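K.L.:
Structure provided below as structure tokens; questions to follow.
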Amino acid sequence: MSTIFIPKHIHPTYSNNVFDDCLLFHNLTPNELDRLEDYAELSKCDDGEYLFRQDTPADFVYNVISGTVAIERIFSNGRRQIIGFLFPGDFIGLTHSKNYDCAVRCLTKVEVYKFSRKRLNTLSEEVGHLKQNMEQIKSRIFSRVMEQLYVLGQKKALERLCFLFMQLLERLPGARADRIELYMSRQDMADYLGLTIETVSRCLAKLKADELVAFPKLNHLQILNLSAVSELAEC
């Protein structure tokens with residue numbers, strides 16, 4: 001089960017910049033929301049663009065409004081590990097480091113609200129609830145990273161793939177068992193699950209042969225046997 005907060009329904013509640021069911025904004029007063037809104041800048045990126053690159057100055061914090069992004073880390077040997085996929089309501093860039101320790105690549109067209117990290121930290125020292133919210137976000141991101149480490153260390157290939165499918169069903173806005181849009185490539189899945197693309201392809205073929213899932217279109221997943229896929233994901 002995913003441990004990061006994902007809002008089920010995102011809707012504007014205070015002008016166009018603030019959403020009351022996103023964790024950053026919980027328990028803030030109208031005046032505090034006004035101050036926070038002054039810091040928000042709408043930014044848009046196209047599919048394939050990078051929101052920011054690894055090792056660049058961590059000057060901004062981003063709140064995803066629409067679209068899907070991948071957090072990826074490139075190692076000195078050139079190999080890539082995808083740390084996670086983020087969706088509307090997720091936050092990116094909350095770090096104690098001076099530079100980002102990962103890159104964020106847009107898998108679709110993406111809209112984010114960009115906040116100056118320095119100004120946000122300053123405001124959080126004045127607004128107790130904002131500071132608490134930011135710490136909760138960091139804690140939940142850490143919990144999700146720990147969850148992924150468990151998946152990579154303990155689960156078999158088929159179980160890892162089912163785990164990803166259940167994550168998407170839970171977290172991707174609008175996802176249903178009979179329709180989950182896969183915005184990530186097969187290589188992205190492999191780099192997230194610690195597998196080769198050949199292994200991912202074999203596992204997908206087996207799940208299809210066992211009539212657990214179907215692909216009416218290349219990137220359109222149907223879970224035909226939800227209980228079986230869920231059981232594999234929890235193994």
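K.L.:
Name the residues whose placed amide hydrogens come within less than 5 Å of the amide hydrogen of Ile83, ignoring near sequence neighbours (fewer than 5 apart) on the same chain.
P.N.:
Amide H neighbours of Ile83, under 5 Å, 5+ apart: Ile71, Glu72, Arg73.
K.L.:
Expected output is a single nm value to one decimal: the length gained when fully extending between Arg202 and Arg119, i.e. 0.36 nm times separation in residues minus the C-alpha distance. What is it?
P.N.:
The Arg202-Arg119 span can extend by a further 25.0 nm.
K.L.:
So what is the calculated 222 nm ellipticity per residue for the chain, using -39500 (n - 2.57) for each DSSP H run with n of 4 or more, over all residues, to the nearest 500 deg cm²/dmol?
P.N.:
After summing the helix terms and dividing by the residues of the chain, the value is -12000 deg cm²/dmol.
K.L.:
As a test of understanding, state the convex hull volume per residue of region 148-228 from its alpha carbons, in Å³.
P.N.:
Convex hull of Cα atoms, per residue: 90 Å³.
K.L.:
Give me the percent of the accessible area of the chain that comes from carbon and sulfur atoms, probe 1.4 Å, all protein chains in place.
P.N.:
Whole-percent figure for carbon plus sulfur exposure: 50.
K.L.:
Same structure again: Relative contact order of the chain: what whole-number percent is it, with Cα pairs under 8 angstrom and at least 6 residues apart?
P.N.:
Relative contact order comes out at 21 percent.
K.L.:
Just His96, His26, His129 to compare: in a GNM of the chain, with alpha carbon springs under 10 Å, which one fluctuates most?
P.N.:
Looking only at His96, His26, His129, the biggest GNM fluctuation is shown by His96.
K.L.:
Same structure, new question: Could I have the simple spin-label model distance between His26 and Ser143, label points 7 Å from Cα toward Cβ, reported in nm to one decimal?
P.N.:
0.9
K.L.:
With every protein chain left in place, what is the accessible area per residue of region 104-235 in square angstrom, probe 1.4 Å?
P.N.:
Here the residues of region 104-235 average 49 Å² of exposed surface.
K.L.:
Contour minus end-to-end for Arg176 and His129, with contour as 0.36 nm per residue of separation and end-to-end as the Cα-Cα distance?
P.N.:
Residue separation times 0.36 nm, minus the Cα-Cα distance, leaves 13.5 nm.
The values are calculated or read from the model by the stated rules, or taken from the named source; none is laboratory data. Keep in mind that what you see is a predicted model, and the values were worked out from it rather than measured. Please note: Cβ atoms are built from the backbone with ideal geometry, for glycine as well, and neighbour counts cover all protein chains shown. Only protein heavy atoms, including side chains, enter the accessible area calculation; ligands, DNA and RNA are left aside. Shrake-Rupley method; radii C 1.70, N 1.55, O 1.52, S 1.80 Å.
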